[in-house]
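Structure record follows, encoded as structure tokens.
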């Protein structure tokens, strides 16, 4: 076999590999998360009476989704910890401190999917969630709101996920703020709304 034929076969193999996922599935189309059409929000119970609301205003990410091959889907999202917003500047400064998110030393909250399983019209997404430098494996139910096309945007897709995490599993204790009292519930409900637009494969 001549060198040019060998190189040709290698190039063909690389092209086929790039066009398929890790398990031989066709690579799903990529979508970029649009901040103006998305949200990363949370609620937590305070003093067993008040349900406090918050959100993160800066985040970015890319997901891949093909309704014909949902198991080939994936998502990566990065959230700026310092962008936390609860509507009270003093409280937000406390939440950014090392008593809670420690945003200076751990500026990013991240999620990286490891597997996606279809469940009817929904998805069950497994992945690694990293908060305050601590990584835990989580399972997230995702609702596929819809997939379509816009004349001025191109391919578009919408998703929503609602799940709970134990904040103490990530070292978010707030011990100084609470003085050791159980002022905040351990469970935090997270709601992620994703509006996305297609990008190049």
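The values are calculated or read from the model by the stated rules, or taken from the named source; none is laboratory data. Predicted model, so just to flag it, every value in this text is computed and none were measured. As a convention, Cβ positions derive from the backbone with ideal geometry for all residues, glycine included, and neighbour counts pool all protein chains shown.
Given the structure, is residue 98 within 20 Å of the chain's Cα centre (by Cα) and either at pLDDT below 95 or farther than 20 Å from residue 199 by Cα (or both)? Against the criterion (within 20 Å of the chain's Cα centre (by Cα) and either at pLDDT below 95 or farther than 20 Å from residue 199 by Cα (or both)), residue 98 does not qualify.
Residue count for the stretch 87-101 under the criterion of being out of contact with any helix residue (DSSP H, G or I) (no Cβ under 6 Å at 6 or more places or on another chain), under 17 Å from residue 57 (Cα atoms) and assigned to a loop (DSSP other than H, G, I, E, B): the result is 2.
Taken together, 85, 36, 92 contain a single residue that is more than 25 Å from residue 126 (Cβ to Cβ) and touching a residue at least 60 places away in the same chain (Cβ under 8 Å), which is 36. Residue pairs whose Cβ atoms lie under 9 Å apart, sitting 6 or more positions apart in sequence or on different chains, and linking a residue in the stretch 132-147 that is farther than 24 Å from residue 199 by Cα to a partner that is surrounded by fewer than 13 Cβ atoms within 10 Å (Cβ to Cβ), are 132/105; 133/105; 136/166; 137/114; 141/119. Exactly one residue among 149, 164 is assigned to a strand (DSSP E or B) and over 15 Å from the mean Cα position of the chain (by Cα), and that residue is 149. On inspection, residue 133 qualifies as out of contact with any helix residue (DSSP H, G or I) (no Cβ under 7 Å at 6 or more places or on another chain), farther than 14 Å from residue 74 by Cα, at pLDDT 95 or above and surrounded by fewer than 18 Cβ atoms within 10 Å (Cβ to Cβ).
Please go through the stretch 172-194 and give me each residue that is in a loop (DSSP other than H, G, I, E, B), in contact (Cβ under 8 Å) with a residue 24 or more places away in the chain and touching a strand residue (DSSP E or B) at 6+ places or on another chain (Cβ under 8 Å), ordered by number.
Applying the first criterion (in a loop (DSSP other than H, G, I, E, B)) to the stretch 172-194 yields 172-174, 179-183, 185-186.
Next, only the ones that are in contact (Cβ under 8 Å) with a residue 24 or more places away in the chain stay: 172-174, 183, 185.
Once the filter is applied, which keeps residues that are in a loop (DSSP other than H, G, I, E, B), in contact (Cβ under 8 Å) with a residue 24 or more places away in the chain and touching a strand residue (DSSP E or B) at 6+ places or on another chain (Cβ under 8 Å), the stretch 172-194 yields 172, 174, 183, 185.
Being modelled with pLDDT of 90 or more and outside any strand (DSSP E or B) narrows it down to one of 197, 157, 169, so name that one.
Values: 197 fails: outside any strand (DSSP E or B); 157 fails: outside any strand (DSSP E or B).
Step by step, each of 197, 157, 169 is checked, and only 169 is modelled with pLDDT of 90 or more and outside any strand (DSSP E or B).
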